[in-house]
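Data block below; observations after.
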Amino acid sequence: MPESPIRKLVPYAEDAKKNNIEVLHLNIGQPDIQPPKEVLDKIKNFNIKTVEYTHSAGIENYRKGIAKYYNNIGITVSYEDIIVTTGGSEALIFCLNSILDPEDEIIIPEPFYANYNGFTTLSSAKVKPIISKINNGFKLPSTKEFEKLINKKTKAILICNPNNPTGYLYSKEEIKQLAKIVLKYDIFLIVDEVYREFVYDNKTHYSVLKEKNILNNAIVIDSISKRYSMCGARIGCITSRNKELIQTCLKFAQARLSPPTFGQLAGIEALKADEEYFNKVINEYEERRNLLVSELNKIEGVYCPNPSGAFYCIAELPIDDSNNFCKWILESFSRNKKTVMMAPASGFYTKEDTGKKQVRIAYVLNKDKIHESTRIIREALKKYNS
Ligand SMILES: Cc1ncc(COP(=O)(O)O)c(C=O)c1O
């Protein structure tokens, strides 16, 4: 199993904290935002006498609630197209194990969410990366580039929309481009839409489940971790109109018995969150992004595209190796007893030497902390390069 680029610097952060340095965590997608009030009220007032397993596919009422949520955003699915999972992570594990045999291949634009590599390894299959580039904001590579990689072992294309780690929002045209490819080669199109709501600049998200031509090919990975700031509830789902896929995933779901009961009960309440809740949260993330991207781009030698979604960005820094820099900043640099933890971006690429100057930054801290972080990065770069 590959190690996580997001967590591998944890011991250095722990050492910094032991030395009374405050570490601003820009390395991990752990939002500081409160979940909807309905969820907090439910958690305070759980009134149950036994804590039972639920149906392996999830509480039926909850699945019906999720189907209604999809219907409300223009996606026609029934609750029978949904299996509730222990986070989007388990949805990915079920999905990849269901469609991949050993040695099969899956094409993923890189940089990509590093755990895709681990989950594919778990299926004894291989990731075939296709490079997307920082100089065009990480847009989708051309059909020709995808076709170069497709062979008999190719079972799927996997994208994350909006993207972690780049923040890139794939357009409707790009989803249609992928739909054409998967239809032509009869492979799956897996879209990880766990950041679906987090879209800025008045743009809209186009879900792959809206593509009527590929009902049997399209699979969505979903989660409440980011949508309602409920990472610890450990609830996600896999959604597809492909009955055979859902039946196969259900076997995995039955083998692990049940998704978390408490998390599902809280998830039912989360579905009651109103538009106002989302407007506030999305507005907050958009302001944080604006601040972060503009402050980063003011630093000499730094380039950061302005991403339209999720809550991450990739920045290129004037350094030799972001692994060294991210370690050094934790070990040897602080400003007013504060330092930052970032994720070296090379871990989001399959080849060690790609993305060496890049870091991924998650804007999951309040604006004061984000501003402070950019000041730390600015001064640290000066010292590092002197
Ligand atoms: C792109 C992406 N997919 C899936 C997940 C899995 O999240 P969870 O298992 O909490 O739903 C994450 C978590 O950070 C993510 O960033």
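The numbers here are math on the coordinates, done by the rules we state, and not lab data. Remember, it's a predicted structure, so these values are computed and weren't measured experimentally. Cβ atoms come from the backbone with ideal geometry, glycine included; neighbour counts cover every protein chain shown.
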For this session: Please order LYS180, LYS144, LYS369 by the number of other Cβ within 10 Å, starting at the fewest.
Result: LYS144, LYS180, LYS369
Problem set entry | Charge dipole of the chain about the Cα centre (unit charges at C-beta), most positive-ward option of TYR363, SER332, TYR228 | SER332
Exercise. So how far apart, in nm, are the two label points at HIS25 and ASN385 if each is 7 Å from Cα heading toward Cβ?
Worked result: 3.0
Exercise. How about the range 46-86: which GluC sites (Glu not before Pro) there lie in a loop by DSSP and see at most 10 other Cβ atoms within 10 Å?
Worked result: GLU52
Seminar exercise, completed: Simple spin-label estimate for SER124/GLU287, 7 Å along Cα→Cβ, in nm, reads 5.3
For this session: Excluding LEU257 itself, calculate the net charge of residues whose Cβ lies under 13 Å from the Cβ of LEU257, where each Lys or Arg counts +1 and each Asp or Glu counts -1.
Result: 0
Exercise. What is the fewest-to-most order of HIS205, HIS55 by other Cβ atoms lying within 10 Å of their Cβ?
Worked result: HIS55, HIS205
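Could you compute how fast the range 131-282 diffuses translationally, taking Rh as the Kirkwood radius over C-alpha pairs and applying Stokes-Einstein at 4 °C with viscosity 1.567 mPa s? Give it in µm² per second.
Estimated via Stokes-Einstein, D reaches 76 µm²/s.
For n ≥ 4 DSSP H runs only, could you compute -39500 (n - 2.57) per run for the chain, divide by its residues and tell me the 222 nm figure to the nearest 500?
-12000 deg cm²/dmol
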Exercise. Gain in length, LYS280 to THR261, computed as 0.36 nm per residue apart minus the alpha-carbon separation, to one decimal in nm?
Worked result: 4.0 nm
For this session: Which order do the peptides 309-315, 290-296 take when ranked by the mean count of other beta-carbon atoms within 10 Å per residue, highest first?
Result: 309-315, 290-296
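I want the local charge near ASN217. Using Cβ-Cβ distances under 9 Å, sum +1 for each Lys or Arg and -1 for each Asp or Glu among the other residues. Intermediate results must be reported in sequence, preceding the final value.
Details: positive: none; negative: ASP186, GLU211.
Taking every other residue near ASN217 into account, the sum is -2.
Tell me, ARG335, ARG196 in order of fewest to most beta-carbon neighbours within 10 Å?
Numbers: ARG335 17, ARG196 21.
Neighbour counts put them in this order, fewest first: ARG335, ARG196.
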Exercise. Within the range 306-386, which GluC sites (Glu not before Pro) sit in a loop by DSSP and count at most 13 neighbouring Cβ atoms inside 10 Å?
Worked result: GLU352
For this session: Return the FRET efficiency for the residue pair VAL51, LEU215: r is the Cβ-Cβ distance, R0 is 41 Å, and the value is rounded to the nearest 0.05.
Result: 0.65
Problem set entry | Stretchable slack from LYS351 to ASP32, in nm (0.36 nm times residue separation minus alpha-carbon distance) | 111.6 nm
For this session: Could you pull out the trypsin sites (Lys or Arg not before Pro) across the range 1-89 that fall in loop regions by DSSP (anything but H, G, I, E, B) with no more than 10 other Cβ atoms inside 10 Å?
Result: LYS49
Problem set entry | SER78 paired with LYS272, simple spin-label distance in nm, labels 7 Å along Cα-to-beta-carbon | 2.8
Exercise. Using 0.36 nm per residue, how much length does the chain from LEU149 to GLU60 gain when fully extended, once their Cα-Cα distance is taken away?
Worked result: 28.0 nm
For this session: Return one number: the angle in degrees, 0 to 90 and rounded to the nearest 10, between the long axis of the Cα atoms of helix 275-298 and the longest principal axis of the Cα atoms of the chain.
Result: 30
Exercise. Given a Förster distance of 22 angstrom, what is the FRET efficiency for SER294 paired with THR204, based on the Cβ-Cβ distance and rounded to 0.05?
Worked result: 0.40
For this session: Give the distance, in whole Å, between the Cα centre of the range 331-355 and the Cα centre of the range 222-291.
Result: 29
